[in-house]
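A.B. asks: Dumping the structure here so I can ask a few things about it.
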Amino acid sequence: MSERTDGRGDVSEPSSTAEDGRSAGDPLLRVENLQKSYGDETVLRGIDFDLDRRDVEVIIGPSGSGKSTMLRCVNRLTEFQGGTISLDGESVMAMNENELRRRVGMVFQDINLFAHLTALENVTLGLRKVLDMSKGDAEDKAMSQLERVGLAPQAASYPAELSGGQKQRVGIARALAMDPELLLFDEPTSALDPELVGEVLEVMRDLADGGMTMLVVTHEMGFARRAASSLMFLDEGKIVERGPPEQLFDSPERDRTREFLARLTTISEEA
Amino acid sequence: MSGERSTARQALSNAGRQLPAGRSLGLAVGALFWCWLVVRWVAIWLGSKEPFFPATFFEGLATGFRNDGLVMQQTGGALAPVLDFVAGVWFLFSDLAGFVAFGVEYLPELAEGAWLTVVLTVTGILFGLVIAVPLSVARVYGGPVTRGLSLGYIELLRGTPLLAQLFVLYFGLNLSQYFRGFTFGVLPSAAVWVAIVGFTVNSAAYQAEYIRAALESVESGQLTAARAIGLSRTEGIRHVVLPQGLRYAIPGWTNELIYLIKYSSLAAFITVVELFESGRIIASDTFAYLNIYGMLALFYLALVLSATLFMGWVENRVAIPGLGVRDGR
Amino acid sequence: MVLSSASPLVFDPIAAQALPLEWLPPDWQFVVRNWDYLAGGLGVTIVLTATSILLGFLAGFPMGAIEVYGSGPLKRLVSTVGVVLRAIPIVVILVFMFFVAPIPFPSGEFGMWLPGIGSFDIGLSAFAAATVGLGLRSAAYQAQIFRGALQSVSGGQMEAARSVGMSKLQAIRHVIMPQALRRSIPGFQNEFTIVLKDTSVAFAIGLAELLKRSYDLFVESTTAVLEVILFISILYFIMTFVTNRTLDYLGEYYAIPGGEG
Ligand SMILES: Nc1ncnc2c1ncn2[C@@H]1O[C@H](COP(=O)(O)OP(=O)(O)OP(=O)(O)O)[C@@H](O)[C@H]1O
Ligand SMILES: [Mg+2]
């Protein structure tokens, strides 16, 4: 596993990673003072963090705390009002939207496979229409991505013919096929039946081990412990605490973090 | 897929909002229209077809605007372009006043036609409902024979044009001979009866389809539960399934009402002087096609939008919390 | 306004000899003998349905898209025009098109030929007015069908398409449209049969379609009224039936395996 970011959990000093002297250039993703509101309702109140290449950040937090909103700001599926987000040193606002989204893949909670296309076609569509690849090349590449998530045999199936876990793995393959530098996961397993969660997490773990940079909203604490380089607890639009997973699990600095994690573990043990 | 007239509902249900005038203005205009229409009907019934407002006033207005406009156009000098523009506006006013004058003069006759349109629509839908309920119950819960008969009736009537059906009744079966004795004030001719029969028979088929779809959308567990508390099958259908199903069918009725308002115009071709035919008669007398068809369009628009608003109100009135009439289907 | 060229009641001795008609009641013999005249009407009805549906599609599809993705005055205009067209009886629309519309429809006739029907003439001005009237009205309804279908494709599909880097247009073109078109098949099926049946209202402007020709016939031979109308009713029924089955088949053929349609 790669080095981990500084885990002092100090919100007021977001640039702490720079002190490591580990990364000479910019971090892959830098979020500074991110603010976002829907009408009168402020959802994100100044978020700061860096994410280095090959790192996996797991985001947890109560419902409505702004986790999805934050992810969607990163690939500009939603617009934000304040702060900056930079990818590889370049502000995302300065980039072409489509180009940004090609470089930042996303996997959804409700999966959103294209219902009228087969698993293979779901993966090739972006390759052909966005990257202008030829049909043959796109299919070769798509097949290798499907193999990577263990779904080559189901390439010709339509979404309605796949199980939830298989669908989500196609969703991951679809995002991977574009060779993204960063992958966003928004609760990729929470719509799945418990027995299907494992197969998706396994794919995600393989990706993490393979060095993919990932920003993952999930409440699967097993995954966080095993694969995350850093864990972030978000509440009411702010980072309450951030640090290596063991630290947050074993000795969180804030009571709120402790409470939330305690509740989370009881729930997942009950389930 | 419930019925083939189903797009009309969605389309018109938010017509009030869609029209640029806005909802409250629309409501006010609608209320005014209906007040006038009802008063007009009473007046006609009492024997007066005189317009309530003097058409000569608007005619005078039209000529006045026109003359002023002509004068302005002929004035030369530095202001000529401005005056030309104002003259254009004045001519527009003149045309508008002319349209209003025309409307005022012929509105009583159109109102008389509208009466028959409303009568045909309302009787058609009500009598149609009386036939449609047993038809749809037979179609959903009947044995093979009743089911087949009901299906045959529904498909045959939905598969042929309404105008052809009216022709069968009026020219083919010469149905009006049986209604000769039944003509009086409200129903001025035997042909009106034939039209009512035609709309009833036709509407029954469409309504049966709506109700069938609605009945099928009531969960089957509901009937089982009814049987479980000791109701007979018929009682279960009567007290549990129908009360829910008929609510689901309201959107269908909105379509049906709008459909009948519009298609009652086809009664014109079997000599019934309803709204469209009364307009056509005026048009052939005056050759003022544009004015008269403009008036007709406004009239039908008013009737259809009123029906939509009314059905929306009914839907809200009978809504049961948790029984999705509006959404989920 | 006499638009029918072939005159009714032409007795074709060859055709009559070819068909042994004696076993039929005389009024049905009359119907069979005038098959050619009615067949011409059938042809006009079919052609008119096709042209109206086509015009309705060409105008209605963009109208529906504007109602979903458009904004401002254009969207308001489209939806207002739609409300008006859907509120006015088709007979008023047709009569308006024929007598008032400022479109200079060409006069005269044009000949057509259809397999199984033979050749027949169509009166140009009435046909054009009917096509425009039925077509515009159908456009207003088809716009609603497409609007509903476009809106029924979940917002997540758009987001997923955008998040692999497609532009909004690409997403609409490759992801939303293919699904929306499939979902609009049932609505389209209804619309098709409505237009087919409403071609009979072109009777009002004297177009020699099926109903008008049957009217011509039974006005001539008043004993055969019922037979003539029942006969053409059967023809209409067969047409709607065949249309429905064909579109059912199309719907199944293009259905997404395992999908809800
Ligand atoms: N499109 C929107 N319009 C208005 N408000 C929104 C919208 N999307 C989200 N919100 C609001 O923003 C807040 C944060 O939402 P967000 O979806 O980011 O929460 P979350 O942390 O992802 O919650 P969950 O765990 O339930 O997914 C919520 O209060 C929500 O109501
Ligand atoms: Mg969320």
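A.B. asks: Between residue B:239 and residue B:319, what's the calculated FRET efficiency when r is the beta-carbon distance and R0 is 30 Å? Round to 0.05.
C.D. replies: On the way: r = 19 Å, r/R0 = 0.64.
Calculated transfer efficiency: 0.95.
A.B. asks: While we're on this one: Tell me the net charge near residue B:273. Cut-off is 12 Å between Cβ atoms, residue B:273 excluded, with +1 for each Lys or Arg and -1 for each Asp or Glu. Don't skip to the answer; put the middle values down first.
C.D. replies: Working: positive: B:280; negative: B:109, B:112, B:274, B:277.
Every neighbour counted, the sum reads -3.
A.B. asks: Now for a separate question. Between Rg and the Kirkwood Rh of region C:130-181, both from Cα atoms, what is the Rg to Rh ratio?
C.D. replies: On the way: Rg = 14.2 Å, Rh = 12.2 Å.
Value, to two decimals: 1.17.
A.B. asks: For chain C, take the longest principal axis of its alpha carbons; what is the angle in degrees between that and the long axis of helix C:124-152, to the nearest 10 within 0 to 90?
C.D. replies: Approximately 30 degrees, to the nearest ten.
A.B. asks: Excluding ligands, DNA and RNA, what is the solvent-accessible area per residue of the protein assembly as shown at a probe of 1.4 Å, expressed in Å²? Mind showing how you got there, number by number?
C.D. replies: Details: 37700 Å² over 861 residues.
I get 44 Å² per residue for this part.
A.B. asks: Using a 7 Å offset from the Cα along the Cα-to-Cβ direction at both residue A:263 and residue C:112, what is the distance between the two label points in nm, to one decimal?
C.D. replies: Modelled inter-label distance: 7.0 nm.
A.B. asks: Now for a separate question. Taking all pairs of distinct Cα atoms, average 1/r, flip it, and tell me the Kirkwood hydrodynamic radius of region B:158-281 in Å to one decimal place.
C.D. replies: On the way: mean 1/r = 0.0596 Å⁻¹.
That comes to 16.8 Å for region B:158-281.
A.B. asks: Another question, if that's okay. Over the Cα atoms of chain C, compute the convex hull volume and normalise it per residue, giving Å³.
C.D. replies: Working: hull volume 41.2 nm³, N = 261.
Enclosed volume per residue, from the Cα hull, is 158 Å³.
A.B. asks: While we're on this one: For residue A:164, what is the net charge nearby, where nearby means another residue's Cβ is under 14 Å from its Cβ and Lys, Arg count +1, Asp, Glu -1? Intermediate results must be reported in sequence, preceding the final value.
C.D. replies: Numbers: positive: A:167, A:169; negative: A:110, A:161, A:187, A:193, A:195, A:199.
Local net charge: -4.
A.B. asks: Where does the charge balance sit around residue B:106 when Lys and Arg score +1, Asp and Glu -1, over other residues with C-beta under 11 Å from its C-beta?
C.D. replies: Working: positive: B:49; negative: B:105, B:109, B:112, B:285.
Net local charge, residue B:106 excluded: -3.
A.B. asks: Given springs between every Cα pair under 10 Å in a Gaussian network model of chain A, which of A:28, A:196, A:184 has the largest fluctuation?
C.D. replies: The residue with the greatest mean-square fluctuation here is A:196.
A.B. asks: Considering only protein heavy atoms and a probe of 1.4 Å, how much of the accessible area of the protein assembly as shown is carbon and sulfur, as a whole percent? Display every interim value, and only then the final one.
C.D. replies: Values: 22580 of 37700 Å².
The value for the protein assembly as shown is 60 percent carbon and sulfur by accessible area.
A.B. asks: Another one. Determine how many Å³ per residue the convex hull of the Cα atoms of region C:28-92 encloses. The partial results should precede the final answer.
C.D. replies: Working: hull volume 6.6 nm³, N = 65.
Taking only Cα atoms, region C:28-92 has a hull volume of 102 Å³ per residue.
A.B. asks: What lysines sit close enough to residue C:212 to cross-link, taking a C-alpha to C-alpha distance under 25 Å and skipping anything fewer than 8 places away on the same chain?
C.D. replies: Of all the lysines, those that pass the test against residue C:212 - Cα under 25 Å, at least 8 places apart if same chain - are B:262, C:197.
A.B. asks: Here's a follow-up. Take chain A, connect every pair of alpha-carbon atoms lying under 10 Å apart with a spring to form a Gaussian network, then pick out the residue of A:194, A:245, A:180 with the largest mean-square fluctuation.
C.D. replies: Most flexible of the set in this elastic network: A:194.
A.B. asks: Could you work out the Kirkwood radius for region A:29-270, taking every pair of different alpha carbons, averaging 1/r and inverting it, reported in Å? Before the final figure, lay out the partial values.
C.D. replies: Details: mean 1/r = 0.0541 Å⁻¹.
Every distinct Cα pair counted, the radius reaches 18.5 Å.
A.B. asks: Evaluate the relative contact order of chain A (contact order divided by residue number), counting alpha-carbon pairs under 8 angstrom at least 6 apart; express in whole percent. Provide the component values of the computation, followed by the final result.
C.D. replies: Details: 494 pairs, mean separation 71.6, N = 271.
Worked out over chain A, it gives 26 percent.
A.B. asks: Per DSSP H run of at least 4 residues, take -39500 (n - 2.57); add these up for the protein assembly as shown, divide by its residues and hand me the 222 nm value, nearest 500 deg cm²/dmol.
C.D. replies: Numbers: 35 runs with 517 residues, N = 861.
Dividing the helical sum by the residues of the protein assembly as shown leaves -19500 deg cm²/dmol.
A.B. asks: Enter the mean projected area of the convex hull around the alpha-carbon atoms of region A:183-248, in nm², rounded to one decimal. The partial results should precede the final answer.
C.D. replies: On the way: hull surface 18.8 nm².
Computing the convex hull of the Cα atoms and averaging its projections yields 4.7 nm².
A.B. asks: On the first, second and third principal axes, largest extent first, how far apart are the outermost C-alpha atoms of chain B in Å?
C.D. replies: Here the spans come out as 92, 50, 35 Å, largest first.
A.B. asks: Just to be sure I follow: if Rg is taken over the C-alpha atoms of region C:182-261 and Rh is the Kirkwood radius over the same atoms, what is Rg/Rh?
C.D. replies: 1.17
A.B. asks: Averaged over peptide B:166-175, how many Cβ atoms belonging to another chain are found within 10 Å of each residue's Cβ?
C.D. replies: Across the residues of B:166-175, the mean count of other-chain Cβ atoms within 10 Å is 5.
A.B. asks: Given the convex hull of the Cα atoms of region C:139-229, what is a quarter of its surface area in nm²?
C.D. replies: Details: hull surface 31.3 nm².
Taking the Cα atoms of region C:139-229, their convex hull projects to 7.8 nm² on average.
A.B. asks: I would also like to ask the following. Based on Cα coordinates alone, diagonalise the gyration tensor for region A:125-267, multiply each eigenvalue by 5, take square roots, and list the semi-axes in whole Å, largest first. Write down the numbers at each step before the final one.
C.D. replies: Working: eigenvalues 221, 55, 29 Å².
Largest first, region A:125-267 gives 33, 17, 12 Å.
A.B. asks: With angles folded into 0 to 90 degrees, how steeply does helix B:144-158 sit against the dominant principal axis of chain B? Use alpha carbons for both and round to 10.
C.D. replies: Orientation of helix B:144-158: about 10 degrees from the principal axis.
A.B. asks: Just give me a number: lysine pairs in region A:29-270, eight or more positions apart or cross-chain, with C-alpha atoms less than 22 Å apart.
C.D. replies: Numbers: A:36/A:67; A:36/A:238; A:67/A:238; A:129/A:141; A:129/A:167; A:141/A:167.
Lysine pairs, 8 or more places apart or on different chains, close enough: 6.
A.B. asks: Now a separate question. Using Cα atoms only, what is the angle between the long axis of helix C:72-87 and the major principal axis of chain C, expressed in degrees (0 to 90) to the nearest 10?
C.D. replies: For helix C:72-87, the angle is close to 30 degrees.
A.B. asks: Right, next: Show me you know the interface measure: the accessible area buried between C and B, both chains summed, probe 1.4 Å, in Å² to the nearest 100. Display every interim value, and only then the final one.
C.D. replies: Working: alone 13670 and 17480 Å², together 27410 Å².
The buried area between C and B, both sides summed, comes to about 3700 Å².
A.B. asks: Once you average over the residues of C:172-179, how many Cβ atoms of partner chains fall within 10 Å of each Cβ? Each step should come with its number before you reach the end.
C.D. replies: Working: counts 0, 1, 7, 8, 2, 1, 4, 4.
What the average comes to for C:172-179 is 3.
A.B. asks: Rank B:203, B:217, B:265 by mean-square fluctuation in a GNM of chain B with C-alpha springs under 10 angstrom and give only the top-ranked residue.
C.D. replies: B:217
A.B. asks: What does the average come to when, for each residue of peptide C:180-188, you count the partner chain Cβ atoms lying within 10 Å of its Cβ?
C.D. replies: Values: counts 1, 1, 2, 1, 0, 1, 4, 5, 0.
Per residue, the average neighbour count from other chains is 2.
A.B. asks: State the percent of C-alpha pairs, over all pairs in region A:63-114, separated by a distance greater than 16 angstrom. Walk me through the numbers before you get to the answer.
C.D. replies: On the way: 582 of 1326 pairs.
Counting every Cα pair in region A:63-114, those more than 16 Å apart make up 44 percent.
A.B. asks: Could you give me the radius of gyration and the Dmax of the protein assembly as shown, taking only the C-alpha atoms into account and expressing both in angstrom?
C.D. replies: Radius of gyration, then largest Cα-Cα span, for the protein assembly as shown: 34.3, 108 Å.
The values are calculated or read from the model by the stated rules, or taken from the named source; none is laboratory data. These figures come from a predicted structure and were not determined experimentally. In this analysis, Cβ positions are derived from the backbone assuming ideal geometry, glycine residues included, and neighbour counts consider all displayed protein chains. All accessible areas refer to the heavy atoms of the entire protein, side chains included, with ligands and DNA or RNA removed. Shrake-Rupley method; radii C 1.70, N 1.55, O 1.52, S 1.80 Å.
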